[in-house]
1. Can you compute 3J(HN,Hα) from phi for each residue in the stretch B:65-74, using the Karplus curve 6.51 cos²θ - 1.76 cosθ + 1.60 with θ = phi - 60°, rounded to whole Hz and x for Gly and Pro?
2. Using alpha carbons only, how many angstrom separate the centre of the stretch B:1-51 from the centre of the stretch B:75-93?
3. Mind checking which of B:Ala100, B:Ala73, B:Ala30 has the largest fluctuation in a GNM of chain B, springs on alpha carbons under 10 Å?
4. Any chance you could give the angle, 0 to 90 degrees and rounded to 10, that helix B:22-35 forms with the longest Cα principal axis of chain B?
5. With each pseudo-label sitting 7 Å past Cα toward Cβ, what's the B:Glu2-A:Asp105 distance in nm, one decimal?
6. Which distance in nm do the two modelled labels at B:Gln74 and B:Leu48 give, with both placed 7 Å along the Cα-to-Cβ direction?
7. At B:Asp86 and B:Glu122, where each label point lies 7 Å from the Cα along Cα→Cβ, what is the point-to-point distance in nanometres?
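What follows draws every value from the coordinates through simple rules; no lab data is involved. Being a predicted model, the structure only gives us computed values, none of them experimental. So basically every Cβ, Gly included, is an ideal-geometry build from the backbone, and we count neighbours across all protein chains shown.
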Amino acid sequence: MRWFSVALVAVGLVVIACGTGDEAQPAGTATSERVERQATVTQQQQGQPAPAPETEEPEQAEEPQQQISTPEEEPQEQQVVELPADVVGEHKGVRSERHVLGEPDAPVEIRYYGDFT
Amino acid sequence: MEELIHSGIARYEYRHFIIFGSASQFAAMATECAGDQGAWWEFHDAYLIDARARSFTRAGALELARDEGLDVAQFTQCIDNEEHRDRILQMQQQAIADGARGTPTFLINGRMAARSLDGIIEQVHDAAEAVENQEGG
């Protein structure tokens, strides 16, 4: 009986040992995943293509477009508009040109801002 | 006001300040296009009193251009291409820079004028007197 009890204890220990071994496998898998992530980060730092989500690419592409559009807008604001030569004539007995009635050397300028509607 | 201009005391300058949208914008452009052919003031007056002009339509403006003896093809091209858009925009920006917040706004020698006609006339005379004093003194 003693030998049988010893054998049972031995079998029990073996079973416990095997159980511990099964639990160690997922831990090993998790370690592998961390290693893979670290490798990915290293690849990204080195400028190598990484399996990043595709949605990041359009975001990166938008930035240069904004940078391009800004310098395009600035020259438009700074553009010098060439206006056609004004025609000098007479309107209701007064010297006239585009927008202006009266003599150019008149001491007082009355500027009127208006809207036809 | 006319007397001040006729007498050589003042000159009058009209500038567009578009605050009522597309109709105002169109009228301003049509007036500028007429100005290319020496009819700026005729269109200015028409847009104040003429019913055809005050329809604020393309057809009305073209009819007016014909009546004024303008080259209608040139006028049509000008308004269709919005050739004076930038000029009007410049005036708009200048109006805001001058402190205009609505229409009508008068400035006399660069200073914001009174809202009443009597007040404006008085300010014009004061400005003319100030200029005379400067020249005399």
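1. 4, 4, 4, 7, x, 7, 6, 5, 4, 5
2. 14
3. In the Gaussian network model the winner is B:Ala73.
4. Computed tilt is about 80 degrees.
5. About 2.6 nm separates the two model spin labels.
6. Label-label distance for B:Gln74 and B:Leu48, simple model: 2.6 nm.
7. The answer from the label model is 4.4 nm.
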